[in-house]
Each structure stands twice: as structure tokens, then as C-alpha cells.
Amino acid sequence: MKNLFKLMLLMLTVFTLNIACTSDDDSSSATTVTEDEVVTELHAAYSAFNTDATTIYIDETGTNVVIETTGLPNHQTVYWGEGHPLYIEEPDVELTPSIMSSNNNAVTITVDATPNLTGSTVSTTFNTIGIAVSGASIFNDQEGGGPLNQAAASLDFTGAHIGPGVYHYHLEPKAFSNDDDALIGVLLDGVFLYGRKCSATGSYPEDLDVSGGHTSTTQYTDGEEEYHYHIINEVYSNTGSYLAFAGPYQGY
Ligand SMILES: [Zn+2]
Ligand SMILES: [Zn+2]
């Protein structure tokens, strides 16, 4: 009888261990489910976007955010073309043929409402890699598949130009972020990009990964820590400024 009791106790222990293992499995599959987490409210950072240019909403699945933009930024540049109210002279800029007021700059992107930070990284490609708070596109460190320094002379005061296609930033967009912690925009993986400083410390972050990312609070997370990118605080190539983002994406 005593032996039977011992046996039952042993079985109970094995059973309990089993449950423990099973619930471990459950929590890891729960992490996978988090990738497609349904949200009901837009992230507070989207409130910083230019509402004249952008329409931002959660799609019908509740897992993605759609950003429709005219691509027309709410700041001055030579690329508006003479006669436009936001046109400014920039005599040192080697203009590309297009001007913004006669160009179709519209772009729509769909990003994860909750970025998946558990998968492998993904390289950026030559085209829109994100939408800035101004409404215009963000590009990477390439120009037409080649290095950016060939096109650096055509970049305006805010690190942007047209051609081919939409008006886009390659460098720190000084029209709205100049050596500060301002929100730059959101990238295609759903991760937000900030200026060279972090609001968590008020200074240049020193714990950035290869993508310029780290996890800390931001001015839009209400005290919660969240993974985000920064413009890396190193002058890029021959541009005299700071590259907006070269990748790879961490949030796909
Ligand atoms: Zn370009
Ligand atoms: Zn930060």
C-alpha cells in the first residue's frame, strides 16, 4: 500500500512536470501569435504625422497599419519649384529635372501594427523604405542601385531630392529633426525611426545594434520600453550629414 502511494506520488510529479513543459510550449507559441497581434488603436507616434498629406488607419484584419500619403511634405525645399509658397532658393543644390509640384509623389505602404522582432533581419532595397512624419518618403543609402555619394550634390538642405520617382530623404531631415530626438517616421517593418538623440536619455544612444536600433522608452510610449531605430550619429560618406537608415530591418 505504501509502495502504491509512492508510485502515485511519482506519477503525479511526472504529470505536473508535463504540465509545466506544456505551458512553456504554450508561451512560446503565444509569442508567435503576438506577431499578428490585433490592435484597436493606432500607436501614439502616428499622431505626429502631417495630416494634410497622410491618411493612416488600421486595416480590416486589425494587424496592419496602412499609410496613404500624397508624398508632399509640409516644409520648404527648392524642389517645390519657383512660384510655390514653400519654394526656397538653394543655389548650391544641383537640381534633378523634376520638381515636386508637377511630380506624382503619392505612395501607400502597409506595415505591421506590431513589428515582429523575433525573425531574421531583412535588407532594405532601393525605393521607399518608410514614410516620414512630413508625409514624404524615406530612402536608404543607395541611389539607383549605386552608392549615394554620386547623387549627394542634388540633395537639398534637408537631405532629400527627387529622382527617379518620389521626393525622398536619404539623410537626417533637418527640416524637422536636427541633432534632436524628434520622430522621423515609420519604416516598412513597422518600427519607428527617431533622430540622433533618444528621449530616454536626452543624448546620443550608445547601445545601438547594427540597424541603429535599441529598446527604451520614447516620447510616444507613455513610459513603456519599445524597440526603435535612430539616425546613427556618424557623418555619412561625402555628404556632410547623417544617413537616415541603411538597414537591415529588424521588424519583419
Ligand atoms: Zn535618391
Ligand atoms: Zn532610443
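Just a yes or no: is a residue in region 170-191 touching a helix residue (DSSP H, G or I) at 6+ places or on another chain (Cβ under 8 Å) and among the small types (Gly, Ala, Ser)?
no
Under the condition of being open to solvent by 20 Å² or more (accessible area, probe 1.4 Å) and touching a Phe, Trp or Tyr at 6+ places or on another chain (Cβ under 8 Å), which residue from region 100-111 is farthest from residue 163 (Cα to Cα)?
101
What are the residues in region 48-70 that are under 16 Å from the mean Cα position of the chain (by Cα) and free of Cβ contacts under 8 Å to residues at least 60 places away in the same chain, if any?
56, 64, 66, 68
Going through region 125-170 one residue at a time, which ones are under 19 Å from residue 74 (Cα atoms), within 10 Å of ligand 1 (Cβ to nearest atom) and not in a loop (DSSP other than H, G, I, E, B)?
137, 160, 161, 162, 167, 168, 169
Please verify whether residue 143 is under 20 Å from residue 95 (Cα atoms) and either within 16 Å of ligand 2 (Cβ to nearest atom) or of a type in the set (Asp, Glu) (or both), treating the condition exactly as stated.
yes
Taking residue 201 as meeting all but one of (1) under 17 Å from the mean Cα position of the chain (by Cα); (2) open to solvent by 10 Å² or more (accessible area, probe 1.4 Å); (3) of a type in the set (Val, Ile, Thr), write down the number of the exception.
(1)
Which condition number does residue 193 fail, the rest of (1) within 16 Å of ligand 1 (Cβ to nearest atom); (2) within 16 Å of the chain's Cα centre (by Cα); (3) assigned to a strand (DSSP E or B) being met?
(1)
Name, by its number, the condition in (1) open to solvent by less than 40 Å² (accessible area, probe 1.4 Å); (2) β-branched (Val, Ile, Thr); (3) farther than 27 Å from residue 221 by Cα that does not hold for residue 125.
(1)
Could you say which residue among 95, 155 is open to solvent by 20 Å² or more (accessible area, probe 1.4 Å), assigned by TED's automatic domain parsing to the domain that holds residue 174 and of a type in the set (A, V, I, L, M, F, W, C)?
95
Looking at 251, 185, which is the one that is assigned to a strand (DSSP E or B), surrounded by 17 or more Cβ atoms within 10 Å (Cβ to Cβ) and of a type outside the set (A, V, I, L, M, F, W, C)?
Result of the check over 251, 185: 185.
Kindly evaluate residue 213 against the criterion of being within 10 Å of ligand 2 (Cβ to nearest atom) and open to solvent by less than 10 Å² (accessible area, probe 1.4 Å).
yes
Would you please list the contacts, defined by Cβ atoms under 8 Å and residues six or more apart or on different chains, that run from a residue in region 130-150 that is without any contact (Cβ under 8 Å) to a residue 24 or more places away in the chain to a residue that is in a strand (DSSP E or B)?
Between residues of region 130-150 that are without any contact (Cβ under 8 Å) to a residue 24 or more places away in the chain and residues that are in a strand (DSSP E or B), the close pairs are 150/143.
Among all residue pairs at least 6 apart or on different chains, which show Cβ distances below 9 Å where the first residue, located in region 200-215, is at positive phi and the second is among the charged types (D, E, K, R)?
Once the first residue is at positive phi and sits in region 200-215, its partners that are among the charged types (D, E, K, R) give 202/181.
Select from region 140-153 the residues that are farther than 17 Å from residue 235 by Cα and either modelled with pLDDT of 85 or more or among the aliphatic types (A, V, I, L, M) (or both) and list them in ascending order.
Across region 140-153, the qualifying residue is only 143.
Mind counting the residues in region 47-62 that are open to solvent by less than 20 Å² (accessible area, probe 1.4 Å) and at negative phi?
4
Quick one: in region 227-239, which of the residues that are without any contact (Cβ under 8 Å) to a residue 40 or more places away in the chain and more than 9 Å from ligand 2 (Cβ to nearest atom) is surrounded by the most Cβ atoms within 10 Å (Cβ to Cβ)?
The extreme case among them is 232.
The values are calculated or read from the model by the stated rules, or taken from the named source; none is laboratory data. Being a predicted model, the structure only gives us computed values, none of them experimental. Glycine also receives a Cβ, built like all others from the backbone with ideal geometry; neighbour counts cover every protein chain displayed. The protein model used for the area step is the full one, side chains on, heavy atoms only, and it has no ligands, DNA or RNA in it. Shrake-Rupley method; radii C 1.70, N 1.55, O 1.52, S 1.80 Å.
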